[in-house]
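Since every read-out is calculated from the coordinates, none of them should be taken as a lab result. Keep in mind the model is a prediction, meaning the values are calculated, not measured. We place every Cβ from the backbone using ideal geometry, glycine too, and count neighbours over all the protein chains shown.
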Amino acid sequence: MSDGPMYGPGVKRYIEESKKLLAQRQALLERAKKYKFDTIAVHGLYSPEVALDQNQGAIVEPVYFATSQAYRDSDELEAALAYLIPTWCYTRIANPTTYYLQDVLALLEGYKTGADTSCVVTASGMSAIALATDAFLVKQKSGPEKINFVSSVQLYGGTFQNFNVRKRQERGIEVRWVLNPDNLEEWKSRVDEDTRFLYMEAPSNPQQSFADIKALAGLAHSWEIPFIIDATCATPALMRPVAYGADVVIHSLTKSITAGGLAIGGALISRKPIVTKVKNDNPLFKESFAEYIQFLPYRDQGPSASPMNALFALNDIRTLRSRMDLVSQNCQKVAEFLSRHPRVYQVDYLGLSSFRFHKLAKRYMKLVDSDDGKGNEVNRYGHLMSFRVDGPAENARKAFDKFKIIFRATDLGRVKSVATIPAISTHQQQGEEARRLADIPPQLIRLCVGAEDPDDIIADLDQALKD
């Protein structure tokens, strides 16, 4: 923020006035950083002072449906649109309600990590992924460039399509797939001087794959590139990758964070600063990547979140930690039942000690601010799992069609249990060969366990799996 000599005295006066507001916000931020996770989730930066000074004392953050902000005169308008003073100006760029949500998410993702963070909220998780990755895939030379990025192949189907079709096929950007994300040597073998970032989804949807997050961040930084991770299924309640060196964390707010099922949204949270060798004249690109995205690419491309969806997300976040504790325990019980079922030949769940990625996940996935009685946080593994029905694919479809409580839908992260068959739904478009590489057979049913009594979900699964 600069008040350079090209601006008149009226603009400079507004800049001086804004310094008081910025100081007040910084004081609120420093105060909030001292709170526990649950307190941050409930309040964010929406304090009694903010409520009384700005919103007629409303104790819940108001939803601002207005498309734009009015200004007192031309000087304030000029200062605002030059980003010289705090403003929201136009809902495509920002909005007071989405600002409240961004504050909460940045604080939760940075909680106990030792890092400062910034956040931009988007219309969907996919728009957050596109914004985060496209920013690093710009040309840096006048001549031809062999731009590439390295990603685990075990991704949500929409992410795979974005990488494989939108980036590789349409733009000629090379995607180097890692088949075994827990194998650091495989990651190393894919990286070279033209690599722009490493990308991982952990836990992955639907296979529950995992990686050594700290090691991947270290590998990325050794090449002066960022490590981007989609941690949707963990949420900040169970894992905050920034603590282990991640530069950018992606969430589909539609899922576990906004569990009520009433809103679609995404979030991009960045550490301050990020590591990157991509040259950009704007200092925010490195220093506060999420803010850079909001002020420039986000402004120009228009993936803004609905203020109403932001409010729904804010209300669901308030109980995030306790809710993730509950549904994780429910999912653990269901996974253990299915692991013993004669009609199921494999269960993919990080909480099972026999599962391939369990040891890795145990190092990283812990319920924040919990205590096992010995001063250690308790492991919790989320509420997404998959199981594979024995026999031909038709057996999985028959069981799926018999669910009486579990909803058949492509959604996940709900307080209601939801299941799908990824091979014919979320991952259908990527094709049989890509599904084979990502380990998504047609016998696999993805199940997200909700807040129901787990015994009822177990009974529903049991009756569905019977001949």
message: Please report the antiparallel percentage of DSSP beta bridges with both residues in the chain, rounded to the nearest 5.
response: 60 percent
- line: Charge dipole of the chain built from unit charges on the beta carbon (Lys, Arg +1; Asp, Glu -1), centred at mean Cα; most positive-end Cα among I250, A70, G172 is G172
- request: Starting from the Cα-Cα distance between M6 and L81, subtract it from 0.36 nm times their residue separation and give me the gain in nm to one decimal.
  value: 25.5 nm
field: FRET efficiency for D462 and V60, using Cβ-Cβ distance with R0 set to 60 Å, rounded to 0.05
entry: 0.90
task: Give the angle, between 0 and 90 degrees and rounded to the nearest 10, that separates the Cα long axis of helix 125-134 from the longest principal axis of the Cα atoms of the chain.
output: 70 degrees
field: Gyration tensor verdict on segment 194-298 (Cα atoms; rounded if a/c is under 1.5, prolate if a/b is larger than b/c, oblate otherwise)
entry: oblate
query: With axes computed from alpha carbons, what is the tilt in degrees of helix 9-32 against the longest principal axis of the chain, rounded to the nearest 10 within 0 to 90?
result: 40 degrees
task: At 7 Å along the Cα-to-beta-carbon direction for both S339 and R299, put a label point, then send me their distance in nm to one decimal.
output: 5.2 nm
message: Looking at the calculated P(r) for the chain, what percent of the C-alpha pair distances fall above 27 Å?
response: 55 percent
Inter-centroid distance (Cα atoms) of segment 274-330 relative to segment 136-215, Å: 21 Å
- line: For segment 90-317, whose charge dipole is built from +1 on Lys and Arg Cβ atoms and -1 on Asp and Glu Cβ atoms, the candidate among L238, G157, L131 with its Cα farthest towards the positive end is L131
statement: Taking GluC sites (Glu not before Pro) as exposed when in a DSSP loop with at most 15 other Cβ atoms inside 10 Å, the chain has its longest clean stretch at 225-376
Added length on full extension, which subtracts the Cα-Cα distance from 0.36 nm per residue, E377 to S47: 115.9 nm
field: For the chain: relative contact order, % (alpha-carbon pairs under 8 angstrom, 6 or more apart)
entry: 16 percent
message: Modelling each spin label as a point 7 Å along the Cα-to-Cβ direction, I'd like the Y90/D281 distance in nm, to one decimal.
response: 2.1 nm
query: How high is the FRET efficiency between S68 and N315 when r is their beta carbon distance and R₀ equals 30 Å, given to the nearest 0.05?
result: 0.75
field: Measure of compaction for segment 90-317 (Cα Rg per 2.2 N^0.38 Å)
entry: 0.94
- request: Between K404 and Q140, with labels modelled 7 Å along Cα→Cβ, what's the label distance in nm to one decimal, could you check?
  value: 6.0 nm
field: Positive-end residue, segment 320-465 charge dipole about Cα centroid, Cβ charges, pick of F355, V344, F387
entry: F355
Of the trypsin sites (Lys or Arg not before Pro) in segment 380-427, those whose Cβ has at most 12 other Cβ within 10 Å and which sit in DSSP loop: K404
- request: Over segment 387-467, consider all pairs of different Cα atoms and compute the Kirkwood hydrodynamic radius from their mean reciprocal separation; express it in Å, one decimal.
  value: 13.0 Å
DSSP-loop chymotrypsin sites (Phe, Trp or Tyr not before Pro) across segment 67-158, with at most 14 other Cβ within 10 angstrom: none
message: Distance cut-off 26 Å, Cα to Cα: go down the list K333/K374; K188/K359; K19/K272; K36/K333 and report the pairs above it.
response: K36/K333
- request: Specify the angular offset, from 0 to 90 degrees and rounded to the nearest 10, of the alpha carbon long axis of helix 96-110 from the longest principal axis of the alpha carbons in the chain.
  value: 60 degrees
statement: In Å³ per residue, the alpha-carbon convex hull of segment 320-465 encloses 117 Å³
query: trypsin sites (Lys or Arg not before Pro) within segment 1-52: which are DSSP loop residues with at most 10 other Cβ atoms inside 10 Å?
result: K34
